[in-house]
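The values are calculated or read from the model by the stated rules, or taken from the named source; none is laboratory data. Quick caveat: nothing in here was measured; it's all calculated off a predicted structure. Using ideal geometry, Cβ is built from the backbone for each residue, glycine included, and neighbour counts are taken over all protein chains shown.
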Amino acid sequence: MIIELAAGDDLAALLAFREEAAAWLRELGSDQWSRPYPAERLLATIEAGTVFMVRDRGVTAATITLTPEAEDGLWSSEELAEPSLFVNKLTVARTHAGRDLGGRLLDWAGDRAYRSGASWLRLDAWTANAGLQRYYLDHGFVHVRTVTEGGAVNGGPRVSGWLAQRGVRRGTAHGLLDMTPAPAPIAAL
């Protein structure tokens, strides 16, 4: 399997990919990702070079967004002063589920964060999805806190405020052929 940067022509596939994940989550009883993701926001992250695709013989197997910017209102100013990369929208196709591809992708992200000069790989997860939180804990993340107030809509409840982090590591064996350019130093981001 290879990992490469997403391109603009991946937009439709990524939107469909997210819909597949949302449908699976609904089957599990979760409301995570129940609102459609705005195509223009996704295109902006693709154009920013922060969306990565895992391909298995030409088929999209997984995707991850890795960015130096945190969502507003989640992390303290002290935490934001520490060099970090933030994981968003990690999604594995149901055809590739059960192979720990998500864990391998987190290891790839940790190595990329290390090579950029970051100290931390951080994420926010769906507040009501205990299974997802357990998944991240099982992959070496430590729960920092849960932010429940100050959501994006009228300051209401935040649905993705379970915060976790893990220290970055170099050269973790993730088994993905990395076709991406070398990461920019975090200070330059």
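Summary table
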item	result
Subset of the range 75-96 [aliphatic (A, V, I, L, M) and either assigned to a strand (DSSP E or B) or within 16 Å of the chain's Cα centre (by Cα) (or both)]	L85, V87, L90, V92, A93
Residue within the range 111-125 that is of a type in the set (D, E), buried (at least 19 other Cβ atoms within 10 Å of the Cβ) and in contact with a Lys or Arg (Cβ under 7 Å, 6 or more places away or on another chain) present	yes
Residue list for the range 52-74, filter: under 22 Å from D178 (Cβ atoms), of a type in the set (G, A, S) and part of a loop (DSSP other than H, G, I, E, B)	G58
Qualifying residue in the range 156-168 (condition: surrounded by 14 or more Cβ atoms within 10 Å (Cβ to Cβ), over 24 Å from A48 (Cα atoms), of a type in the set (V, I, T) and touching a residue at least 12 places away in the same chain (Cβ under 8 Å))	yes
Residue within the range 163-170 that is touching a helix residue (DSSP H, G or I) at 6+ places or on another chain (Cβ under 8 Å) and modelled with pLDDT under 90 present	yes
Y136 vs. criteria crowded, with 21+ Cβ neighbours inside 10 Å, among the aromatic types (F, W, Y) and closer than 25 Å to L5 by Cα	yes
Test: residue in the range 106-124 that is in a loop (DSSP other than H, G, I, E, B), modelled with pLDDT under 95 and within 17 Å of T65 (Cβ to Cβ)	no
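Here's the yes/no breakdown for (1) among the basic types (K, R); (2) within 17 Å of the chain's Cα centre (by Cα); (3) modelled with pLDDT of 70 or more:
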{"position": "L14", "(1), (2), (3)": "no, yes, yes"}
{"position": "D31", "(1), (2), (3)": "no, no, no"}
{"position": "Y37", "(1), (2), (3)": "no, yes, no"}
{"position": "E40", "(1), (2), (3)": "no, no, yes"}
{"position": "A48", "(1), (2), (3)": "no, yes, yes"}
